[in-house]
Amino acid sequence: MTALAALTNHQIRLKARPNGLPTRDGWDFTTEPVAEPADGGVLVKTLAISLDPAMRGWMNEGKSYIAPVAIGEVMRAGGIGMVIASKNPGFTVGDVVSCTPGVQEYCLIAVDQIKRNGLFRIDPRLGTPNQWLNVLGMPGMTGYFGLMDVGQPKPGETVVVSGAAGAVGQTVGQLAKIKGCRVVGIAGGPAKCEWVVKELGFDACVDYKAGNVKADLKDACPKGVDIYFDNVGGEILDTVLTRITRGARIIICGAISQYNNTTPVKGPANYLSLLVNRARMEGIVVFDYTERFPVAVAELAGHLQSGRMKSKEDVVVGMATFPETLLKLFNGENFGKLVLQFA
Ligand SMILES: NC(=O)c1ccc[n+]([C@@H]2O[C@H](COP(=O)([O-])OP(=O)(O)OC[C@H]3O[C@@H](n4cnc5c(N)ncnc54)[C@H](OP(=O)(O)O)[C@@H]3O)[C@@H](O)[C@H]2O)c1
């Protein structure tokens, strides 16, 4: 028996599609032996996975920008791992890689799956593995291209971002500041609001849990909102629509307030504000920008290294906690990019 065959792969599979918030009994905990990679393939040991609000969408049946996770399939997740066996000349045992390992301890990636899996070696000089899941990873890329390509910020404009203390929000707000904008966050609770202002340098932050979003937004954005980067949807989007300026850009990045709805998603009642203000609302899917990720990584890594930008991760240890840890995204318990470290 080879050393690899002695290893057991613990996995978490989708057992049933949730109605509302996912629960522990909707997951299957399975094991299987670890296999050698075939020619051109690699075997990756998962070090940490990224917990993302999008995972909730992948658990639903139906058409989206990516196929749903099938019942019985290992739950999809991006992550960081170490190559422990390689039959591919591009990868060496010991390489630390970014990939889509899923919620499992070991991930076998066949040669024809390397691109689809998003496998690449991370450059440790640019950031730590956790930063490669955050500012330099998928959330950072989302913030970068959503703000720069769709938002097109100009110095002096007012940018509002919801989910401000989260993974995408922290990149958006800090980058908008670097581009010379006035930046206002929207986040849940005084601790997150204080952090984005004091630590990240936002100009103001509205605590939506205080219940006065409309009035607080008016105070924080006396000249109106030129760019709204929306991570949450629902009532907050509707309220921001009442404050937009002529020619405003609204980036529809996500709608976390709606992901666990058991009734249909609520659209914005105030959408005619787009007409009055000749404004634009546009969706973004980060995977459309993969070819340009290196450009964004180079710029964001430069900001991290110069100290102009910070990267905050909220790290939870233990794969078995996955069902409960995932829920932190939906009750706002995560403070920064939520990472599940395996060992
Ligand atoms: N389009 C894309 O390609 C793409 C890519 C990545 C992410 N996204 C989207 O971007 C958004 C942020 O993702 P992330 O990874 O950065 O997550 P995150 O902000 O790190 O975590 C989620 C946060 O959402 C907030 N939240 C939860 N329920 C809420 C509610 N009912 N109302 C208002 N806020 C609520 C919580 O913060 P508070 O404590 O402040 O409430 C929570 O901490 C999500 O909607 C996600 O789906 C889109």
Could you list which residues have their amide H under 5 Å from that of Ala77, counting only those 5 or more apart in sequence or on another chain, with H placed in the peptide plane?
Gly102, Val103
For the chain, share of DSSP beta bridges that run antiparallel, in % to the nearest 5
55 percent
Quick one: if you take sqrt(5λ) for each eigenvalue of the C-alpha gyration tensor of segment 184-269, what semi-axes come out, biggest first, whole angstrom?
21, 17, 12
What are the residues whose amide H is under 5 Å from the amide H of Glu313, where those residues sit 5 or more places off or on another chain and H is modelled from the backbone?
Lys337
Using only the alpha carbon atoms of the chain, find the Kirkwood hydrodynamic radius as the inverse mean reciprocal pair distance, in angstroms to one decimal.
20.8 Å
Return the sequence-ordered ³J(HN,Hα) values of segment 287-302 in whole Hz as given by the Karplus equation 6.51 cos²θ - 1.76 cosθ + 1.60 applied to θ = phi - 60°, using x for Gly and Pro.
5, 5, 10, 3, 4, 9, 3, x, 5, 5, 4, 4, 5, 5, 5, x
Out of residues 5 or more away from Ala48 or on other chains, whose amide H comes under 5 Å of its own, with H placed 1.01 Å from N in the peptide plane?
Ile80, Phe342
Keeping all protein chains in place, calculate the accessible area per residue for the chain (probe 1.4 angstrom), answer in Å².
45 Å²
Taking every eigenvalue of the Cα gyration tensor of segment 17-131, multiplying by 5 and rooting it, what semi-axes result, largest first, whole Å?
26, 16, 13
Solitary cysteines of the chain, where the nearest other Cys Cβ is not under 4.7 Å:
Cys99, Cys107, Cys181, Cys221, Cys253
Using the scaling law 2.2 N^0.38 Å as the reference, what is the normalised Cα Rg of segment 138-287?
0.93
In order through segment 35-44: 3J(HN,Hα) via Karplus (6.51 cos²θ - 1.76 cosθ + 1.60), integer Hz, x for Gly, Pro
10, 5, x, 7, 3, x, x, 9, 10, 10
On the full set of protein chains, 1.4 Å probe, figure out the accessible area of Trp27 and give it in Å² to the nearest 10.
10 Å²
Tally up the carbon and sulfur contribution to the accessible surface of the chain as a whole percent, 1.4 Å probe, everything protein left in place.
56 percent
Taking the dipole of the chain about the Cα centre (Lys, Arg +1; Asp, Glu -1; charges at Cβ), the one of Ala110, Ala16, Val150 that reaches farthest to the positive side is Val150
Rounded to the nearest 500, what is the 222 nm mean residue ellipticity of the chain from helices alone, with -39500 (n - 2.57) per DSSP H run of 4+ residues and division by all residues?
-6500 deg cm²/dmol
Too-long pairs where the Cα-Cα distance tops 27 Å, listed order kept, from Lys63/Lys266; Lys198/Lys337; Lys266/Lys312; Lys192/Lys214; Lys15/Lys209; Lys115/Lys177:
Lys266/Lys312; Lys15/Lys209; Lys115/Lys177
Whole-Hz Karplus ³J(HN,Hα) for segment 190-207, in order, using 6.51 cos²θ - 1.76 cosθ + 1.60 and θ = phi - 60°, x for Gly and Pro?
x, 5, 5, 5, 5, 5, 5, 7, 6, 8, 9, x, 4, 6, 6, 8, 9, 8
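The values are calculated or read from the model by the stated rules, or taken from the named source; none is laboratory data. Computed from a predicted model, the values in this text were never measured in an experiment. Cβ sites come from the backbone with ideal geometry, for glycine too, and all protein chains shown count toward neighbours. The area values use the complete protein model at the heavy-atom level, side chains included, leaving out ligands, DNA and RNA. Shrake-Rupley method; radii C 1.70, N 1.55, O 1.52, S 1.80 Å.
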